[in-house]
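The structure under discussion appears below in the form of structure tokens.
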Amino acid sequence: MQIHSVEIITTILLVLGAVVIILLERKFPYRKGLPIFRDGFWVDFVWYTLIQSFFLKIVIFDYIIYPLDQHFKFSTLHIVTNWPIIVQVLFFLITHDFYIYWFHRWQHNSKILWRTHEAHHSNKEVDWLSGSRSHVLEIIINQTIEFAPIILLGANPIIVPIKALIDAMWGMFIHSNIDVKLGRFKKIINGPAMHLWHHADYKQVFFANFSTKLSMWDWLFGTAYLPDFKPEKYGLYYDYPKDYFVQHIFSIKRIDENKWRKNKILHWYFNLRPVIIEWFNKGFPLKHKYRKYKAQILIYLTEKTY
């Protein structure tokens with residue numbers, strides 16, 4: 001199968017998977033009353049999921065991984081090329097998951113690396129989309145280490161979209177607001193119960209539940225935490241900016257977002273969206289049959305997302 005066809009199929013499956021998870025959140029909520037368009041939803045969806053993911057994919061593959069391969073020619077060794085596809089997928093899934101457990105654990109134990117990870121913990125309401133909120137540097141590090149071996153070891157090109165699909169689906173699943181119990185599999189496979197505790201605003205879980213796909217790493221290395229009750233609060237114990245760009249500045253220099261909003265120089269930026277709304281509202285006289293779509297867009301623009 002051609003890689004282009006696989007990319008189309010995995011994209012369709014990702015969208016369908018997201019829809020299914022959203023429906024399951026409504027039907028079997030872990031916490032009742034969590035709105036679909038929660039605080040920060042549009043920042044996570046527009047900036048982190050769409051814009052950041054698009055540009056970082058170009059940076060990671062076109063400017064890091066492929067130049068490395070062109071220089072060192074590792075892929076010409078065809079180290080894993082002849083392995084069955086399923087073996088290649090499992091190999092890269094397990095080895096990367098083992099890496100991400102330790103790097104994630106390191107982030108929680110390093111003051112410097114925590115600055116690249118705190119954004120991921122900043123949502124006060126955790127749902128299927130919350131996993132997309134990750135600092136630019138964190139994504140560059142993790143996805144380079146994730147996908148570089150696939151290219152450099154000469155894996156089948158379709159492994160990249162397959163691995164990306166599994167990552168995205170599992171990321172949505174473990175952050176989802178779904179009340180699901182894994183039973184005896186909880187010590188092998190990671191699910192929402194353990195990971196939602198990891199996002200809870202409790203000191204006892206700051207150094208627990210680092211696993212992504214396989215919870216067995218937490219159980220093996222003594223960092224598992226899964227009590228028989230649910231957390232009541234999520235996010236960080238300190239104030240965190242709501243604007244995408246200020247969040248990245250905050251990782252370098254601790255600033256007060258409210259003071260920045262009052263700054264005369266930055267005033268134009270923080271008031272840019274109201275200007276766009278007014279321009280959009282007055283500058284696009286549409287035919288009657290299209291006005292309902294314009295109204296819907298305005299509703300989305302006026303949602304509080306910062």
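Quick notes on this one:
- Evaluated against (1) outside the structural domain of W47 (by TED's automatic domain parsing); (2) under 26 Å from G40 (Cα atoms); (3) surrounded by fewer than 19 Cβ atoms within 10 Å (Cβ to Cβ); (4) at pLDDT 95 or above, L226 falls short on exactly one condition, (2).
- Check on V80, aliphatic (A, V, I, L, M), part of a helix (DSSP H, G or I) and either at pLDDT 95 or above or farther than 26 Å from N177 by Cα (or both): no
- Among (1) over 24 Å from I112 (Cα atoms); (2) at pLDDT 95 or above; (3) loosely packed, with under 11 Cβ neighbours inside 10 Å, the one test that I252 misses: (1)
- The condition of being in the same structural domain as V136 (by TED's automatic domain parsing) and in a helix (DSSP H, G or I) holds for only one of F37, F92, that being F92.
- Criterion: at pLDDT 95 or above and more than 11 Å from the chain's Cα centre (by Cα) - qualifying residue of S176, S132: S176
- Residue count for segment 1-34, restricted to those that are without any contact (Cβ under 8 Å) to a residue 60 or more places away in the chain and outside any helix (DSSP H, G or I): 3
- Within the set N156, N209, the sole residue that is farther than 21 Å from V87 by Cβ and at pLDDT 95 or above turns out to be N209.
Quick grid of which residues meet (1) over 23 Å from W170 (Cα atoms); (2) in the same structural domain as L34 (by TED's automatic domain parsing); (3) touching a strand residue (DSSP E or B) at 6+ places or on another chain (Cβ under 7 Å):
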| position | (1), (2), (3) |
| --- | --- |
| K187 | no, yes, no |
| L196 | no, yes, no |
| D201 | no, yes, yes |
| F207 | no, yes, no |
| F210 | no, yes, no |
| K213 | no, yes, no |
| D239 | yes, no, no |
| H248 | yes, no, no |
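- Residue ID - nearest to V89 (Cα to Cα), chosen from residues in segment 204-230 that are in contact with a helix residue (DSSP H, G or I) (Cβ under 7 Å, 6 or more places away or on another chain), without any contact (Cβ under 8 Å) to a residue 60 or more places away in the chain and in a helix (DSSP H, G or I): M216
- Answer residue from segment 101-129, given it is aliphatic (A, V, I, L, M) and assigned to a helix (DSSP H, G or I) and is farthest from M172 (Cα to Cα) among those: I112
The values are calculated or read from the model by the stated rules, or taken from the named source; none is laboratory data. Here the structure is a predicted model, which is why all the values come from computation and not from measurement. Here Cβ is always computed from backbone atoms with ideal geometry, including for glycine, and neighbour counts include all displayed protein chains.
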